[in-house]
1. Could you give the nm distance between label points at L158 and S78, where each point is 7 Å from its Cα heading toward the beta carbon?
2. Can you list residues from other chains, or at least 5 along the same chain, whose modelled amide H is less than 5 Å from the amide H of Y59?
3. Using the Cα centre as the reference, give the magnitude of the dipole from point charges on the C-beta atoms of region 1-136 (Lys, Arg: +1; Asp, Glu: -1; all else neutral), rounded to the nearest 20 debye.
4. HN-Hα J couplings of region 43-60 from phi, Karplus 6.51/-1.76/1.60, θ = phi - 60°, integer Hz, Gly and Pro as x?
5. Could you please tell me the mean projected area of the C-alpha convex hull for region 49-116, averaged over all directions and given in square nanometres to one decimal?
6. Taking amide H atoms as placed 1.01 Å from N in the peptide plane, list the residues 5 or more away in sequence, or in a different chain, whose amide H sits under 5 Å from that of L79.
7. Of P116, M39, L52, which is farthest on the positive side of the dipole of the chain, counting Cα position, with +1 on Lys and Arg Cβ, -1 on Asp and Glu Cβ, and the Cα centre as origin?
8. If amide H atoms are built 1.01 Å from N in the plane of the peptide, which residues on other chains or at least 5 residues away come under 5 Å of the amide H of L112?
Amino acid sequence: MKPEHTGAPSGHAFNSVKEIEAGLRGRMDKAVADLQHNMAAIRTGRASVTLLDHVRVDYYGTATPLNQLANLHVPEPSLITIQPWDVSQIGAIEKAIRTSDLGLNPANDGKLIRLPIPSLTEERRKELVKKLHGVAEDHRVAIRNIRRDGNDAVKKLLKDKKIAEDEERRALDEIQKLTDAQMQKLEQAAKTKEKEILEIK
C-alpha cells in the first residue's frame with residue numbers, strides 16, 4: 001500500500017520558516033505512522049490481531065473493517081479467534097479472510113472462527129522481508145518528497161524577500177536534520193519488524 005500524500009498541498013503559501021518546519025514535522029510523523037500501520041499487516045510467525053487490520057468484510061454491500069464486526073482475541077501465540085457480533089455474518093467474515101493476501105485458513109463452528117497462524121517457511125519469510133523492504137522504500141520516498149516540498153517553500157520565502165540568506169541556510173539545515181531523524185525512526189521500525197519476521201519460534 002502506497003503511503004498517502006500527507007499534509008498541505010504544494011501550492012500552500014507559507015509565511016515563516018517556523019510554519020514550514022511545523023508542517024513538515026506533521027507530515028513526516030504521519031508518514032512514519034502510516035509505515036507502522038502498513039507493517040502491522042505483514043505477517044510474522046506470531047499471532048496478532050493487527051494482522052487483520054486490512055481485512056474488509058462485505059457487510060450488506062459495504063466494505064467494513066473486520067474489527068468493527070467482531071471481537072478479536074489471541075488466546076495462544078499461534079491462534080486468533082474471531083467472534084462475530086452478528087452470527088449471520090460468519091460466512092462473509094470467513095470469505096474475507098480467505099480472499100485476503102494473508103494466506104491463512106479460517107475454520108468456523110457456526111459461532112466462532114478459529115484462525116491458526118502457521119509458522120512461516122523460510123521461503124515465506126524471505127517473501128515477507130522483501131515486501132517489508134518495498135513498503136519501507138515507499139515511505140522513504142514519501143519523506144524525501146516532503147523534504148523537497150519544505151526546501152522549495154524555504155527558497156520561495158527567500159525569493160519573496162521574507163527571509164535573509166543566512167536564515168534560508170539555517171532552515172535548510174534544520175529540514176535536513178528533521179529528515180535524518182525521521183529516516184532513523186523509519187529504519188528502526190523496519191529493522192524491528194524484519195527481526196520479528198525472521199525470528200524462529
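Bear in mind that the values in this text are calculations on the coordinates, not laboratory data. A quick note: this is a predicted structure, and the numbers were derived from the prediction, not measured. In this analysis, Cβ positions are derived from the backbone assuming ideal geometry, glycine residues included, and neighbour counts consider all displayed protein chains.
1. Taking the simple label geometry, L158 and S78 are separated by 6.0 nm.
2. Those lying under 5 Å, H to H, from Y59 are T64.
3. On the way: 17 positive and 15 negative charges, 55 e Å.
For region 1-136, the charge dipole is close to 260 debye.
4. Once θ is set to phi - 60°, the couplings for region 43-60 become 5, 10, x, 10, 5, 7, 5, 5, 4, 9, 4, 8, 6, 10, 10, 6, 9, 6 Hz.
5. Working: hull surface 16.2 nm².
For the Cα atoms of region 49-116, the hull's average projected area reads 4.0 nm².
6. A47, I117
7. Working it through, the farthest residue towards the positive pole turns out to be M39.
8. Residues meeting the amide H criterion: none.
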